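Scroll down for the structure; my scribbles are underneath it.
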Amino acid sequence: MKNVRVRALANLALVKYFGKRDLQMNLPAAGSLSLTLEPLSTTTEIAFRPELERDMVLLDGKKAADKFASRVSGFLDIVRDMSGTSEYASVVTENAFPTAAGLASSASGFAALAYAATKALGMTIDKEQLSALARRGSGSAARSIPGGIVVWNAGEKSDGSDSFAYPVAGPDDWDLRVVIGVADPGPKAVGSTEAMELTRTTSPYYREWLDSVHIDLMNALRAVEQRNFTDLGEITERSALSMHAAALAGRPGILFWNGTTVEAIHLVRRLRQQGTEAYFTCDAGPQPKIVCTKSDEDTVASALESLPGITRIIRCHLGAGVTEI
Ligand code: DP6
């Protein structure tokens with residue numbers, strides 16, 4: 001069968017996904033909204049081959065660790081079931097950024113894998129079905145299928161067919177920028193799935209967190225429609241801080257931040273006082289991510305770059321959905 005090579009971008013949630021309504025089907029308890037981030041890309045090449053006795057997975061030029069390889073195989077089993085093939089595949093995947101450091105490599109990774117595998121098997125599925133499929137690998141991967149500014153619906157169905165992401169603005173519709181500070185390139189201390197489940201089952205703030213997501217998502221959608229950056233930025237920062245507050249209140253409390261992350265929050269507040277519209281967000285790792293518009297990007301980038309503990313910055317802009325290359 002044919003070799004397929006695809007490229008997918010990571011995404012950054014402005015309204016966070018943090019909690020599932022179904023662990024098995026990977027269904028979120030609430031919707032979320034994200035920016036698709038160029039140049040944080042994963043490139044994946046796949047070929048299904050009859051002679052293989054198991055899936056062969058290479059990550060960044062090396063044989064993938066067992067945990068990673070079995071996650072890939074588990075996902076390919078879903079695709080094999082859908083298509084009716086029993087062939088194993090060789091998968092060669094490369095990330096253009098640190099893997100599993102809270103920089104959403106699982107989002108671009110599973111988006112790329114879903115597209116590459118379904119194309120290689122000649123399956124005809126539309127973008128919404130593809131997004132729902134990518135979701136099975138990692139929830140946030142659903143949001144890396146469409147490109148631009150994206151909303152992922154929680155959906156209501158138990159089979160997950162209405163829980164997919166779709167674009168609400170194209171990559172060229174609004175020139176938003178994200179400056180990411182790498183505060184620790186190592187792997188995450190706690191994985192997102194585990195952190196979400198612990199928060200859902202033990203945090204006294206989990207319910208309140210979920211209630212707030214519904215309101216934030218509605219308002220964020222309006223802010224995108226009206227291109228109101230102040231509103232969108234305020235919702236972004238609030239959503240991140242609320243998510244982390246809910247996780248912190250879990251038992252045991254989950255703390256993704258390090259000292260540099262906290263300094264970055266102070267920095268963003270100082271920048272705003274000085275008239276630079278910048279907003280903080282952060283995911284399941286310590287890396288601060290600052291959202292701003294094009295006119296403030298240089299100011300934000302040089303401020304973040306000079307923060308002690310930041311080893312590297314990555315400047316991002318809105319990018320496209322998954323593509324064959
Ligand atoms: C904190 O998509 O990595 O980045 O569905 O369990 O694989 P799983 O989780 P994942 O979670 C992302 C969580 C987050 C917030 C977000 O991206 O919305």
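General remarks:
- Volume per residue of the convex hull around the Cα atoms, evaluated for the chain, comes out as 123 Å³.
- When the chain is treated as a Gaussian network with alpha carbon springs shorter than 10 Å, the biggest mean-square fluctuation among Pro171, Pro288, Pro50 belongs to Pro50.
- Within a Gaussian network of the chain (alpha carbon springs, distance under 10 Å), most fluctuating of Asn95, Asn258, Asn228: Asn228
- Per residue accessible area of region 115-174, 1.4 Å probe, in Å²: 37 Å²
- Inter-part distance, region 86-148 to region 175-227, computed on C-alpha centroids, equals 20 Å.
- For the chain, the dipole from Cβ point charges (+1 on Lys and Arg, -1 on Asp and Glu) about the Cα centre works out to 400 debye, to the nearest 20.
- The rule of thumb for compact globular proteins, 2.2 N^0.38 Å, goes into the C-alpha radius of gyration of region 39-166 1.01 times.
- The sum of -39500 (n - 2.57) across all DSSP H runs of n ≥ 4, divided by the residue count of the chain, sets its helix-only mean residue ellipticity at 222 nm to -12000 deg cm²/dmol.
- The spacing between region 2-62 and region 277-295, judged by their C-alpha centroids, is 22 Å.
- Amide H partners (placed H, <5 Å) of Leu14, local residues excluded: Leu33, Ser34, Leu35
- Highest-fluctuation residue, Thr118, Thr261, Thr299 considered, GNM on the chain with Cα pairs under 10 Å: Thr299
The values are calculated or read from the model by the stated rules, or taken from the named source; none is laboratory data. Note that the structure is predicted; figures quoted are calculated from it, not measured. Every residue, glycine as well, gets a Cβ built from its backbone with ideal geometry; the counts of neighbours run over all protein chains shown. For accessibility, only protein heavy atoms count, side chains too; no ligands or nucleic acids. Shrake-Rupley method; radii C 1.70, N 1.55, O 1.52, S 1.80 Å.
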